[in-house]
Structures are given as structure tokens and as C-alpha cells.
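So the structure is just underneath, and the comments pick up after that.
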Amino acid sequence: MIRNVVGSILALAGATAAVWSPFRAWYDGRHGRDYAIDELFTGITDARAEVIGSILLPFAFAALVTVVGVVLRSRLLVALAGLVVLGFTVFWMVRVGQAEGSLVVSGDGRGLGDGVANAVGGGFLLLLGALVMSGRSRTWRVDRRDHEPRPTHPTLDGPPPDDRPPGETGDVTDVGDAPRRHPQASPPYAAPTQPFDVPVWDPDRDGPGRQQR
């Protein structure tokens, strides 16, 4: 959670710096919004471009991708936005170096300006934010049947399942879903008992003479 918050702050800061960079000086005091996006493919000229068709366009797209990535907590989208910012900045530097013959860095307003530094810094902040973010937590779906307790009494669907492995049920024949009784279970009803007549000697009826006979 904390990593996502810190990474989101870094990513949003990087996107802000990237969008703000075209409004700063890029080279010899010329702002980045003055460079047309098609000049990166055809060559740098002195013509001023419209803001909507300037280098601000890919940076605004990268900022939009960053916002979506932060909302979705997607490290891939945030990293993609950083690569877009750095890619177009490096591409612009290559084109300006070809047009000017070389790139100059000086403190008197000539050469590379702070707009390029903002763009490069914004791109690295986006990549750092994607690295810090932990992304979305993966939730594994567990089948509910694996956690349901086994029934210990007969249900409407049939008798309770036998937990014993196959071959150890103790039955002579396997009859499929027929109910199985526990080996120590007592019968539901006691067997009827049959009385037996035991002769008893009566001294009044059976005299000594009869006993002797």
C-alpha cells in the first residue's frame, strides 16, 4: 500500500514535469512548444508550430497514460509513459544535434535549456515511480467446495461420503452409491428373543417315589 502511494506520487510528479517542460526553453531560448512534432521526422526548422501540434502532444499523451496507470495501479502503463517521454526527448536531441551540428550546454541561455532537463527528469521520475509501485495484489480464487466441511449425517442428496480410500472400504462388493455402515455400528433394532421352558422340580407334585423312578 505504501509503495503504491509513493510510486504514484513520483509518477504524477514526473508527468507534471514532462507536461510543463515544453513551456520552458529547450535550445537557444526557444521553447519546446515551438517545435512541431513532424519536425522530429522531417528535420528541425525555424518555423514555429502550433501548440496542439508541437512536442507537447506526446508528453500530454504520456501524462494521460500515467493517470490511468496510477488509477489502475499498473506499473506497465507508468513505465510506458516514462519511455514515451524519454524517447521523444532523446529523439529531439538527435534531430537538433543534426540541425545545429552539435549540442551546446552553457549558462548564458544558449544551448540546451531547463525544458530539456525537466523532460529528462520527468521521464526518470516516471520510471522510478513504476519501479517503486508494487502493482495490484493478485487474489487467487479458491473453490468453495475445498473448504466446506464434509457432512456427517445423511442428506437429501444421499448418504454421507466415505472418507476411506478405494479398496479399504471393507465391503465384499462395491454397489456404487449404496449406503455403507460403520463396522462397529449396532443394528437399528435388537433381534427378538425367544423364551425357553426350563422344568422346575415341585416337591408337592413330584413325590420322592416319582423322583426315584
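Each reported figure results from applying straightforward, stated rules to the coordinates on display, with no laboratory input. None of these values were measured; they are calculated from a predicted model. Glycine gets a Cβ as well: all are built from the backbone with ideal geometry, and neighbour counts include every protein chain shown.
Which ³J(HN,Hα) values, rounded to whole Hz and listed in residue order, are derived for the stretch 16-33 from phi using the Karplus coefficients 6.51, -1.76 and 1.60 in 6.51 cos²θ - 1.76 cosθ + 1.60 with θ = phi - 60°, glycine and proline given as x?
5, 5, 5, 5, 6, 4, x, 8, 10, 6, 9, 8, 6, x, 7, 6, x, 5
So between ALA117 and LEU76, what do we pick up on full extension, going 0.36 nm a residue minus the alpha carbon distance?
Residue separation times 0.36 nm, minus the Cα-Cα distance, leaves 12.4 nm.
Tell me the label-point distance for the pair ALA99, VAL51, using the 7 Å Cα-to-Cβ offset, in nm and rounded to one decimal.
Between ALA99 and VAL51, the label points sit 2.1 nm apart.
How would you classify the stretch 1-130 from its alpha-carbon gyration tensor, with a ≥ b ≥ c the square roots of the eigenvalues: rounded for a/c under 1.5, else prolate if a/b is greater than b/c, otherwise oblate?
Prolate.
Please give, to one decimal in nm, the separation of the simple spin-label points placed at PHE23 and ASP38, each 7 Å out from Cα toward the Cβ.
According to this spin-label approximation, the distance is 2.7 nm.
Which length gain, in nm to one decimal place, applies between ARG136 and ILE9 when the Cα-Cα distance is subtracted from 0.36 nm times their residue separation?
44.1 nm
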